Every structure is written in C-alpha cells, then in structure tokens.
Amino acid sequence: MKAHDIWTRVRKYRPDWLTLALLGLIVYVWFRPPAWVSDENRVAPAMKVVLLDGRQTSLEQLRGKVVLINFWATWCPYCRHEMPDMERFYRDYRAQGFEILALSQDDAPEPVRQFMAKESYHFPVAMAEAGHAASFGGVSRLPTSFLIDKQGRIRKKISGQVHYARLKELVTPLLAE
C-alpha cells in the first residue's frame with residue numbers, strides 16, 4: 001500500500017461518537033489525571049527546611065495556617081500541570097491563612113530556582129531531604145500532597161495532581177475551623 005493510498009483512507013475516515021468520546025477521555029486523563037484523596041488524622045512531623053531563597057522555616061512556624069505540603073519535581077509532567085492552579089489558589093487564599101510548602105525531589109536546587117522564576121511561581125519551595133517523604137509516611141508517586149490543618153494535624157493525603165476546584169473543596173473547610 002502506497003503512502004498516498006493510506007493518506008486518502010485516513011482523510012475519508014469519520015469516527016463515530018464513541019470513538020470521539022474515548023479520545024476525549026484519554027486526553028482529559030492525560031492532562032488532568034485523577035487524584036486520590038485519603039483522610040488522615042495524625043500529627044504532622046516536626047520538619048525544618050531551608051527555602052530556595054535562603055530563609056528557614058518549619059511546620060511549627062506555620063502552625064495556625066492551613067498548609068499544603070507538595071512533593072514534586074521539575075521533570076514530572078503532572079507536577080508541572082498542577083503548578084498554575086496551585087499558584088492561583090495560593091494568591092487567592094494566602095491572606096486567609098493558607099500556605100504552600102513545595103518540596104522538590106530534584107537533584108539540585110539551581111534547575112528548580114530557574115523553573116520557579118521562569119514560570120513566575122511565588123509559593124515557598126525547598127529541596128526535599130531524604131527523610132522528609134518518610135516522615136510523612138512515604139511518597140510513592142509524584143505529585144503527592146499533604147494538607148495540614150491549623151493545629152498541625154495531617155488531614156488529607158492527595159496522591160496525584162491537584163487542581164483549583166479540588167483545593168477549594170479541601171482547603172476552605174479547614175480555613176473555616
């Protein structure tokens with residue numbers, strides 16, 4: 001079969017509605033894969049980090065705020081897809097007591113700094129140390145996030161990509177407590 005014959009056949013093909021629906025679902029899941037949210041109710045670990053800008057912070061210092069701890073990496077496509085919604089949510093809810101602490105799993109800080117600057121993300125970022133993921137009970141995939149309430153308790157574990165509506169659904173009740 002010649003290339004011209006194949007191209008003619010492809011141009012004549014008209015997919016049915018089921019094929020189009022399946023293709024749409026595949027595209028949706030690729031760009032916004034489902035995140036699994038599990039309820040937790042345990043004390044957040046004591047954790048200190050040095051942010052990329054050199055400041056130090058700890059979960060103890062963030063007590064009284066609702067905190068999203070986000071394990072991510074610049075090489076992770078799903079992490080990169082969730083970041084614009086995280087930035088937007090951070091800007092909209094920071095004044096109400098919401099904070100993000102993004103812990104990069106990258107090997108070196110410089111590519112992370114460059115990525116954050118290039119994309120104009122402003123939430124705090126630190127490099128994840130070996131024990132950080134283990135202190136949260138383990139992180140088996142990226143992105144994985146933990147939602148900590150004002151009293152310093154881990155309330156939710158989010159395995160997968162977060163988006164604005166999901167953050168709003170999970171965070172606003174904790175801000176109201």
Length-normalised contact order of the chain in % [C-alpha pairs under 8 Å, at least 6 apart]: 31
HN-Hα J in Hz across the stretch 66-76 - Karplus 6.51, -1.76, 1.60, θ = phi - 60°, x for Gly and Pro: 8, 10, 9, 8, 10, 8, 8, 7, 5, 7, 8
Long-range HN-HN contacts of LYS156 with modeled amide H, under 5 Å: GLU40, LEU147
Calculated P(r) tail over 11 Å for the stretch 106-147, as whole % of Cα pairs: 73
Nearby lysines by direct alpha-carbon distance to LYS65 (threshold 21 angstrom, same-chain neighbours under 8 apart not counted): LYS48, LYS150, LYS156, LYS157, LYS168
Span-rule helices in the chain, defined as complete DSSP H runs reaching 18 Å or more along the axis (Cα) with Kyte mean at least 1.6: 17-31
Square roots of five times the Cα gyration tensor eigenvalues for the chain, Å: 38, 19, 15
Net length gained if the chain between ALA165 and ALA134 were fully extended (0.36 nm per residue, minus Cα distance): 8.3 nm
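FYI, it's all coordinate maths here, none of it is from the lab. Quick caveat: nothing in here was measured; it's all calculated off a predicted structure.
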